[in-house]
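The values are calculated or read from the model by the stated rules, or taken from the named source; none is laboratory data. Note that this is a predicted model, so its numbers are computed, not measured. When we count neighbours, we look across all protein chains shown, and the Cβ atoms used for this are built from the backbone with ideal geometry, even at glycine.
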Amino acid sequence: MSTPTETKIGWIGTGVMGRWMCQHILDQGYQVTVHNRTKSKAQPLLESGAQWADSPKEVAAQSDITFSIVGFPKDVREVLLGEDGALAGASKGDIIVDMTTTEPSLAVEVAQAANAKGVFSIDAPVSGGDVGAKEARLSIMIGGAEEAVQTVMPLFALMGKGIVHQGPPGSGQHTKMCNQITIASTMVGVCEALIYGKKAGLDLEVMLSSISKGAAGCWTLDNLAPRVLQRNFDPGFFVEHFIKDMGIALQEARAMNISLPGLALAHQLYLAVEAQGHGRKGTHALSLALETLSGLE
């Protein structure tokens, strides 16, 4: 089991979520080495005692367990499998934990490359957004070898509450796809309800107080619908990253010869959000595209 006195931690990716996830580990007294593409985004962690490394390879060379949470599959491939990637700096017996939402096949590829070097690899994507990351309430979906997962479990416990080992490499990513499929259609319903309520002349806060207590109750209603009312579209999770996730899920669905029409519709609607210039806003910016369709401002 990992402990603050014996385990050195590496962290690659200090964005909206990664910054807070790493902070929780730092706060428990672990020695942490960090790297981010833009160094300024790691400054709060450096001020909290983290050490800087100039590359993912250097991070892993100084760490027993190296975490990564970046943007896209190409970024995962670069920071883990690239010439200056974490695997190049890892030693036999080390553990690499990728918490990015990425392709299940890539998670398997990373695991195979790691195994060839005597390194363990875990895929552990998360759900809960910036709020869940900041409050250590993330849902963590894990794929990988049982021995490695148990070693990392005390660290997962610092970041989340719903921590479930799903199975072998790639299982965490497949589970995250199920999560994103569910969220996609839910977000459409929440945004459409707000548009309907506005057009009907309802007090939207009062309306939400009613439906959130019934069968419609969900995380999206509680956490993102109020942001829409406040016209606060700051990202807890970027639209462009959600489009990436839905694209992966649709790709996997085609490979499995299954039809997911609800997801396909949500994906198209989010492409409209991005086309309107909102790709770097939060996923609840879907409301902006749907409001445009209905002629609302």
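Residues that are of a type in the set (Ser, Thr, Tyr), closer than 19 Å to MET246 by Cβ, within 18 Å of the chain's Cα centre (by Cα) and modelled with pLDDT under 95 occur at least once in the stretch 106-127. Take the residues in the stretch 255-269 that are without any contact (Cβ under 8 Å) to a residue 60 or more places away in the chain and not aliphatic (A, V, I, L, M), then tell me which one is surrounded by the fewest Cβ atoms within 10 Å (Cβ to Cβ). Here the residue is ASN257. Going by what's in this entry, would THR66 be described as part of a strand (DSSP E or B), under 17 Å from the mean Cα position of the chain (by Cα) and either among the aliphatic types (A, V, I, L, M) or assigned by TED's automatic domain parsing to the domain that holds LEU106 (or both)? In short, yes. Scanning the stretch 135-192 for residues that are over 15 Å from the mean Cα position of the chain (by Cα), hydrophobic (A, V, I, L, M, F, W, C) and assigned by TED's automatic domain parsing to the domain that holds GLU240 gives MET187, VAL188, VAL190, CYS191. Considering only residues in the stretch 4-22 that are under 21 Å from the mean Cα position of the chain (by Cα) and surrounded by fewer than 22 Cβ atoms within 10 Å (Cβ to Cβ), the one that is modelled with the lowest pLDDT turns out to be VAL16.
Of the listed requirements (1) of a type outside the set (Phe, Trp, Tyr); (2) over 14 Å from ILE65 (Cβ atoms); (3) touching a residue at least 40 places away in the same chain (Cβ under 8 Å), LEU81 misses just one: (3).
Note on the stretch 1-31: residues that are among the β-branched types (Val, Ile, Thr) and in contact with a His (Cβ under 9 Å, 6 or more places away or on another chain) amount to 2. In the stretch 210-233, the residue that is nearest to the chain's Cα centre (by Cα) out of those that are over 18 Å from THR283 (Cβ atoms) and assigned to a helix (DSSP H, G or I) is ILE211. Among the residues of the stretch 4-21, at least one is out of contact with any helix residue (DSSP H, G or I) (no Cβ under 9 Å at 6 or more places or on another chain) and among the acidic types (Asp, Glu). Are any of the residues in the stretch 197-205 touching a residue at least 60 places away in the same chain (Cβ under 8 Å) and either loosely packed, with under 15 Cβ neighbours inside 10 Å or assigned to a helix (DSSP H, G or I) (or both)? Checked the stretch 197-205: at least one residue is touching a residue at least 60 places away in the same chain (Cβ under 8 Å) and either loosely packed, with under 15 Cβ neighbours inside 10 Å or assigned to a helix (DSSP H, G or I) (or both). Residues that are of a type in the set (Lys, Arg) and out of contact with any helix residue (DSSP H, G or I) (no Cβ under 9 Å at 6 or more places or on another chain) were ranked within the stretch 53-107; the one that is surrounded by the most Cβ atoms within 10 Å (Cβ to Cβ) is LYS74.
Considering the stretch 164-187, and only residues there that are of a type outside the set (S, T, N, Q) and surrounded by fewer than 18 Cβ atoms within 10 Å (Cβ to Cβ), the residue that is nearest to LEU250 (Cα to Cα) turns out to be CYS178.
Before we move on, is PRO226 touching an Asp or Glu at 6+ places or on another chain (Cβ under 9 Å), over 19 Å from GLN268 (Cβ atoms) and buried (at least 17 other Cβ atoms within 10 Å of the Cβ)? So PRO226 fails the test. Scanning the stretch 46-62 for residues that are farther than 19 Å from ILE96 by Cβ and of a type in the set (Gly, Ala, Ser) turns up SER48, GLY49.
Against the numbered list (1) part of a helix (DSSP H, G or I); (2) in contact with a Lys or Arg (Cβ under 7 Å, 6 or more places away or on another chain), GLY15 comes up short only at (1).
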